[in-house]
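Would you mind keeping the following structure in view while I ask a few things?
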Amino acid sequence: MSALETESATLTVALVGNPNCGKTTLFNAFTGLHQKIANYPGVTVEKKLGTFMTQHGTEATLIDLPGAYSLQPQSPDEQVTRDVLLGHEEGTARPDRVLCVVDASNLERNLYLATQVLELGLPSVVALNMMDVARANGDDIDLAALSAALGAPVVPCEALTRTGLPELRVALSGKLEPARMTPPPEGEDGIAARYERIGEIVDRCVRKSSTPILSAQERSDRIDAVLIHPLWGWAFFLGLMALLFVSMFSFASFPMDGIKWVFEQAGAKVGPLLPAGDLRSLIVEGIIAGVGSVVVFLPQILILFLFIGLLEDSGYMARAAFLMDRLMGRVGLHGKSFVPLLSCYACAVPGIMATRTIENPNDRLVTILIAPFMSCSARLPVYALMIATLFAGEASALQQGGILLAMYTLGTLTAFAFAWLFKRTLLKAPRSPLILELPPYRRPSLATVVHGLRGRAAAFLKRAGTVIVALSVVLWALAYYPRGGAEMKKEEQLAQSFAGRMGKAIEPALEPIGMNWKMGIGLIGAQAAREVFVSTLAVVYAVGGEDEGGKAEPKSVAQALRQDRWPDGRVVYTPLVCLTVMIFFVLSMQCISTLATMRRETNTWRWPIFAFCYMTGFAYLASLVFYQGGRALGW
């Protein structure tokens, strides 16, 4: 008896399908906010679980299995999909039934996996997705004939517009018999027999109802003639990147000013309510200033994620990988490494995990080792702070975006340079050809993109409310204690604190690259997470506090940095120093989570330690050459 028939039991449904078939959109539509993400035991493949209500009013669990082309696994993703369906995956019970998503506009290709799934004999429903695209192509699909051929119910749907979702819910909630499909013989003859049977099914169930004026595939081909052209494709890609970085300053300025005002008002209102002393300093200068200095960059981070989400949902991301294949081939990699590297612009952790789709072990390891060079969103607050300090509010969004684009370009080119070096020394391997599916262009789903942004914002704010708060308190304590006499000036008090002593200890190594001991404190904090550098400086400079005479101090970190001076009166944060700090952050390894992910992916600490040493050493050397070269030129 299935779990559906005993309504007290929890129904488990596995969601299966090819990449780019709309499976994730359907998962989000079914489960909404009722989702959680983890990893399967022993591997780094992502495990997405969600819940939805059946037609009987009971809760069901939906497992979004990794996209696969076949149950004969070629990657860890496909291995997990097969093992879950067979009930062999540790910690995951075999599903009660399967929801198999099929792209109606690419029926023949999608049926290869679908027939393999149906041959397992699990109660199954086939979701015939993207029916609108199939109709636009002039395809008329006989649903009854297809259902009879597959031995399972077939429900047409359009996940993007949620059309057909009620019917799918009804089909999953009803009584389902095990799928009736006999597997072909094993071996090469079986593969030929499977393709022959799929061809017969398509011939019997699909007919051209009309000749479309322009099919979705033809439309995609015409767009691709421009977007993956050797010249115009690159022009479009670089223009798109330039638009992104300019937007991150022009569109984000207003909400950033609003967030900054909120935290300023919080500090101004809370401060007078508390007696002068340790507690007021902790709350105003430690927590409010530390957290506010990071949260203010949320609009820019969301604009970055918005662009990435739109590119992924529209189908352009695969074209970008195809475009990059020739360039990456020059350094020994192929376009398949591009998607994990592009993911690292958001965060290196999922980017490194995404390398599991790379079959060649040496190619995968090279991609892991160079992934942290791609400027993640945690670096963005540092870049934005240095650009604000550099220009003092006088620059246009185009100038600020230009510098930001230069930093991202520097990280990318450096990653390619080290990939070239590693592929010719430590990790030699022949370059494998790129086999990549180019999905048709589609209108991005606003609901899907917004859902992703909401999750990113929640994760960022949770990090700010937990990790950043905790580190801000620790850094405040290190910068506040031990206390000196009442006659001691604020900078003298900071210098003799625990944090000041640590900064002073490493200052001799930092002076050759233009950094003082206060920046040294920030670099120590940044080893935990790069964005902590900003909150550390906010605490160190006590932004929003009062000086010894009771006068209000600068209300922003950038204003405080511009006022900092060396003992001889020289300005600390000159344009050259601001650029040097950005270059150091582009090239250095400063993220415990990234190192831990490297450890899990490579099953050894050898490669994370190697990555930390070579990246940090190269960052220092490059910063030294740039700063000293700039001084020699009189900058």
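The values are calculated or read from the model by the stated rules, or taken from the named source; none is laboratory data. Since this is a predicted model, take the numbers as computed values, not measurements. Positions of Cβ are backbone-derived with ideal geometry, glycine not excepted, and every protein chain shown enters the neighbour counts.
Go through segment 587-609 and give me each residue that's surrounded by fewer than 17 Cβ atoms within 10 Å (Cβ to Cβ), part of a helix (DSSP H, G or I) and either within 24 Å of the chain's Cα centre (by Cα) or at positive phi (or both). Full working, then the answer.
Residues of segment 587-609 that are surrounded by fewer than 17 Cβ atoms within 10 Å (Cβ to Cβ), as a first pass: 592-593, 596, 599-600, 603-606, 609.
Remaining after also requiring part of a helix (DSSP H, G or I): 592-593, 596, 599-600, 606, 609.
Result: ILE592, SER593, ALA596, ARG599, ARG600, ILE609.
Listed residues VAL540, VAL581, VAL557; which is at pLDDT 85 or above, β-branched (Val, Ile, Thr) and either in contact with a Cys (Cβ under 7 Å, 6 or more places away or on another chain) or farther than 30 Å from LEU427 by Cβ (or both)?
That would be VAL581, the only listed residue that is at pLDDT 85 or above, β-branched (Val, Ile, Thr) and either in contact with a Cys (Cβ under 7 Å, 6 or more places away or on another chain) or farther than 30 Å from LEU427 by Cβ (or both).
Sort through GLY121, GLY164, GLY138 and tell me the only one that's more than 25 Å from THR24 (Cα to Cα) and assigned by TED's automatic domain parsing to the domain that holds GLN55. Walk me through it before giving the result.
Working: GLY121 fails: more than 25 Å from THR24 (Cα to Cα); GLY164 fails: more than 25 Å from THR24 (Cα to Cα).
Every option except GLY138 fails the conditions.
Sticking with this structure for a sec: Specify which of the listed residues (PRO183, PRO178) is surrounded by fewer than 18 Cβ atoms within 10 Å (Cβ to Cβ), without any contact (Cβ under 8 Å) to a residue 60 or more places away in the chain and either not basic (Lys, Arg) or not assigned by TED's automatic domain parsing to the domain that holds MET53 (or both).
Exactly one of PRO183, PRO178 is surrounded by fewer than 18 Cβ atoms within 10 Å (Cβ to Cβ), without any contact (Cβ under 8 Å) to a residue 60 or more places away in the chain and either not basic (Lys, Arg) or not assigned by TED's automatic domain parsing to the domain that holds MET53 (or both), namely PRO178.
From the list ALA395, ALA346, which one is outside the structural domain of LEU621 (by TED's automatic domain parsing), within 23 Å of the chain's Cα centre (by Cα) and either at positive phi or small (Gly, Ala, Ser) (or both)?
ALA346
I've got another one for you. Are any of the residues in segment 562-576 modelled with pLDDT under 95, farther than 30 Å from ALA268 by Cβ, surrounded by 15 or more Cβ atoms within 10 Å (Cβ to Cβ) and not aliphatic (A, V, I, L, M)?
Yes, the conditions are met somewhere in segment 562-576.
What are the pairs with Cβ atoms under 6 angstrom where one residue, in segment 378-404, is within 17 Å of VAL557 (Cβ to Cβ) and the other, located anywhere, is surrounded by fewer than 16 Cβ atoms within 10 Å (Cβ to Cβ) and at pLDDT 85 or above? Sequence gap at least six, or different chains.
Within 6 Å, the pairs are LEU390/PRO575.
Here is a further query. If VAL294 passes every condition in (1) within 30 Å of LYS490 (Cβ to Cβ); (2) surrounded by fewer than 21 Cβ atoms within 10 Å (Cβ to Cβ); (3) out of contact with any strand residue (DSSP E or B) (no Cβ under 9 Å at 6 or more places or on another chain) but one, which one does it miss?
So VAL294 meets the others, but not (2).
Give me a count of the residues in segment 258-279 that are surrounded by 13 or more Cβ atoms within 10 Å (Cβ to Cβ), closer than 12 Å to VAL295 by Cα and of a type outside the set (A, V, I, L, M).
2
Within segment 355-370, can you find the residues that are farther than 13 Å from PHE422 by Cα and either in the same structural domain as PHE584 (by TED's automatic domain parsing) or in contact with a Pro (Cβ under 8 Å, 6 or more places away or on another chain) (or both)?
THR355, ARG356, THR357, ILE358
Does segment 314-325 contain any residue that is in a helix (DSSP H, G or I), of a type in the set (Asp, Glu) and over 22 Å from the mean Cα position of the chain (by Cα)?
No, because not a single residue in segment 314-325 is in a helix (DSSP H, G or I), of a type in the set (Asp, Glu) and over 22 Å from the mean Cα position of the chain (by Cα).
All but one of (1) at pLDDT below 85; (2) over 38 Å from the mean Cα position of the chain (by Cα) hold for LEU146; which doesn't?
(1)
Moving on. When the residues of segment 522-537 are narrowed to those that are at pLDDT 85 or above and small (Gly, Ala, Ser), which ends up surrounded by the most Cβ atoms within 10 Å (Cβ to Cβ)?
Among residues in segment 522-537 that are at pLDDT 85 or above and small (Gly, Ala, Ser), the one surrounded by the most Cβ atoms within 10 Å (Cβ to Cβ) is ALA526.
Here's the yes/no breakdown for (1) of a type in the set (Ser, Thr, Tyr); (2) farther than 18 Å from GLU531 by Cβ; (3) at pLDDT 85 or above:
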residue	(1), (2), (3)
PHE305	no, no, no
ASP313	no, yes, no
LEU323	no, yes, no
THR367	yes, yes, yes
ARG379	no, no, yes
ALA395	no, yes, no
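Just name the residue that is farthest from LEU306 (Cα to Cα) out of those in segment 258-267 that are modelled with pLDDT under 85 and of a type outside the set (Lys, Arg).
Looking at the filtered set, the residue picked out is GLY267.
Could you tell me which numbered condition ILE506 fails, if it satisfies all but one of (1) touching a residue at least 60 places away in the same chain (Cβ under 8 Å); (2) over 19 Å from ASP568 (Cα atoms)?
Evaluating ILE506 over (1) touching a residue at least 60 places away in the same chain (Cβ under 8 Å); (2) over 19 Å from ASP568 (Cα atoms) leaves (1) as the failure.
Here are some residues: PHE251, PHE263, PHE245. Which one is more than 30 Å from SER105 (Cα to Cα) and touching a Phe, Trp or Tyr at 6+ places or on another chain (Cβ under 8 Å)? Give the steps one after another, and end with the answer.
Working: PHE251 fails: touching a Phe, Trp or Tyr at 6+ places or on another chain (Cβ under 8 Å); PHE263 fails: touching a Phe, Trp or Tyr at 6+ places or on another chain (Cβ under 8 Å).
Being more than 30 Å from SER105 (Cα to Cα) and touching a Phe, Trp or Tyr at 6+ places or on another chain (Cβ under 8 Å) holds for just one of PHE251, PHE263, PHE245, which is PHE245.
Could you give me the residue pairs with C-beta distances under 7 Å whose first residue belongs to segment 221-243 and is under 9 Å from LEU323 (Cβ atoms), whose second residue is at pLDDT below 85 and of a type in the set (D, E, K, R) wherever it lies, and which are 6+ apart or on separate chains?
Going by the 7 Å Cβ cut-off, the qualifying pairs are LEU227/ARG319; ILE228/ARG319.
If you take the residues of segment 150-170 that are surrounded by 15 or more Cβ atoms within 10 Å (Cβ to Cβ), at pLDDT 90 or above and aliphatic (A, V, I, L, M), which of them is nearest to ARG442 (Cα to Cα)?
Ranking the candidates gives LEU165 first.
Any chance you could count how many residues in segment 593-635 are within 22 Å of LEU579 (Cα to Cα), in contact with a Ser or Thr (Cβ under 7 Å, 6 or more places away or on another chain) and of a type outside the set (A, V, I, L, M, F, W, C)?
Of the residues in segment 593-635, 3 are within 22 Å of LEU579 (Cα to Cα), in contact with a Ser or Thr (Cβ under 7 Å, 6 or more places away or on another chain) and of a type outside the set (A, V, I, L, M, F, W, C).
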